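The values are calculated or read from the model by the stated rules, or taken from the named source; none is laboratory data. Quick caveat, the model's predicted, so the values are computed rather than measured. Don't worry about glycine lacking a Cβ; one is built from the backbone with ideal geometry, like all the others, and counts go over all protein chains shown. These accessible areas exclude ligands, DNA and RNA; they are computed on the full protein's heavy atoms, side chains included. Shrake-Rupley method; radii C 1.70, N 1.55, O 1.52, S 1.80 Å.
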Amino acid sequence: MKRLLALAAVGASLALGGCGFTPLYAQPGVVSNLAAIDVVAPDGRTGYLLRQHLDDAFARNHAGPAKYSMRLALSEARYPRGIRTDNVATRYEYVLTADYVLANLPAGDVAKRGRVRVELTYDSADQPYASIAAQQDAQDRAAEEAARRIQLELAAWMATGEPKASKPATVVPPKATGTKKRG
């Protein structure tokens with residue numbers, strides 16, 4: 001049985017190799033270009049978390065010069081879900097929207113713009129500290145997922161051949177992080 005599985009794996013790899021399949025990160029320049037992105041995030045907890053997750057996802061090389069600058073603008077919203085009979089929310093929906101602008105350095109012309117949106121839910125406990133901890137965990141999970149999506153978008157864009165910016169443009173600084181609460 002083990003031989004049959006090994007033979008099937010070898011056969012599948014030969015079939016993929018013959019069809020021209022190339023892994024995303026095997027494209028020349030993808031990994032080195034991602035590592036050369038300097039992330040500038042807005043102030044605040046979520047901005048800090050997102051910048052940390054992006055630096056990890058890009059495997060940021062702080063020893064080398066940055067080839068790109070990424071500016072982020074964040075929007076956060078929290079909506080009560082699962083209302084009890086006494087009109088207290090037992091669950092919240094947290095929405096994080098991250099707009100990014102990737103600019104070539106040193107010229108500053110815009111190379112790529114994008115937006116990712118992450119929606120997730122978390123339970124709200126009756127104890128105040130547990131509720132705060134749950135909200136902070138939701139922020140961290142959303143920032144991690146947003147970083148993963150941005151990384152994937154940029155890796156796919158870089159692997160297909162970076163289109164040149166059509167016109168020079170200045171990078172607009174991101175707006176301050178704001179949290180909206182309803183309910």
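Report yes if Glu153 is in contact (Cβ under 8 Å) with a residue 24 or more places away in the chain, open to solvent by 60 Å² or more (accessible area, probe 1.4 Å) and in contact with a Gly (Cβ under 9 Å, 6 or more places away or on another chain), otherwise no.
Details: in contact (Cβ under 8 Å) with a residue 24 or more places away in the chain: yes; open to solvent by 60 Å² or more (accessible area, probe 1.4 Å): yes; in contact with a Gly (Cβ under 9 Å, 6 or more places away or on another chain): yes.
In short, yes.
If a residue has to be modelled with pLDDT under 95, farther than 21 Å from Lys67 by Cβ, in contact with an Asp or Glu (Cβ under 9 Å, 6 or more places away or on another chain) and crowded, with 16+ Cβ neighbours inside 10 Å to count, how many in region 97-130 make the cut?
Residues that pass the stated criteria total 1.
Under the condition of being open to solvent by less than 30 Å² (accessible area, probe 1.4 Å) and in a strand (DSSP E or B), which residue from region 47-75 is nearest to Ser124 (Cα to Cα)?
Going through the qualifying residues, I end up with Leu74.
Any idea which of (1) open to solvent by less than 90 Å² (accessible area, probe 1.4 Å); (2) outside any loop (DSSP other than H, G, I, E, B); (3) at pLDDT below 95 is the one Lys180 doesn't satisfy?
Only one criterion in (1) open to solvent by less than 90 Å² (accessible area, probe 1.4 Å); (2) outside any loop (DSSP other than H, G, I, E, B); (3) at pLDDT below 95 is unmet by Lys180, namely (1).
Kindly evaluate Pro42 against the criterion of being in contact (Cβ under 8 Å) with a residue 60 or more places away in the chain, surrounded by 15 or more Cβ atoms within 10 Å (Cβ to Cβ) and part of a loop (DSSP other than H, G, I, E, B). Talk me through it step by step, then tell me what you get.
On the way: in contact (Cβ under 8 Å) with a residue 60 or more places away in the chain: yes; surrounded by 15 or more Cβ atoms within 10 Å (Cβ to Cβ): yes; part of a loop (DSSP other than H, G, I, E, B): yes.
For Pro42, the condition - in contact (Cβ under 8 Å) with a residue 60 or more places away in the chain, surrounded by 15 or more Cβ atoms within 10 Å (Cβ to Cβ) and part of a loop (DSSP other than H, G, I, E, B) - is met.
Report yes if some residue within region 86-96 is open to solvent by less than 50 Å² (accessible area, probe 1.4 Å), of a type in the set (Phe, Trp, Tyr) and within 18 Å of the chain's Cα centre (by Cα); otherwise report no.
Yes, because at least one residue in region 86-96 is open to solvent by less than 50 Å² (accessible area, probe 1.4 Å), of a type in the set (Phe, Trp, Tyr) and within 18 Å of the chain's Cα centre (by Cα).
Which of (1) modelled with pLDDT of 90 or more; (2) assigned to a loop (DSSP other than H, G, I, E, B) is the odd one out, the single condition Arg78 does not satisfy?
Single failed check for Arg78: (2).
Could you say whether any residue in region 129-148 is touching a strand residue (DSSP E or B) at 6+ places or on another chain (Cβ under 8 Å), among the basic types (Lys, Arg), assigned to a strand (DSSP E or B) and in contact (Cβ under 8 Å) with a residue 12 or more places away in the chain?
Restricting attention to region 129-148, the residues satisfying the condition of being touching a strand residue (DSSP E or B) at 6+ places or on another chain (Cβ under 8 Å) are 134-135, 137-139, 141-143, 145-146.
Cutting the leftovers down to among the basic types (Lys, Arg) gives us 141.
With the extra rule that they be assigned to a strand (DSSP E or B), the set shrinks to none.
No, because not a single residue in region 129-148 is touching a strand residue (DSSP E or B) at 6+ places or on another chain (Cβ under 8 Å), among the basic types (Lys, Arg), assigned to a strand (DSSP E or B) and in contact (Cβ under 8 Å) with a residue 12 or more places away in the chain.
Could you please tell me which pairs satisfy a Cβ distance under 9 Å, a separation of 6+ or placement on different chains, a first residue in region 60-86 that is in contact (Cβ under 8 Å) with a residue 60 or more places away in the chain, and a second residue that is basic (Lys, Arg) and outside any strand (DSSP E or B)?
Leu72/Arg51; Ala73/Lys175; Leu74/Lys175; Ser75/Lys175; Ala77/Arg182; Arg78/Arg182; Tyr79/Arg182; Pro80/Arg182
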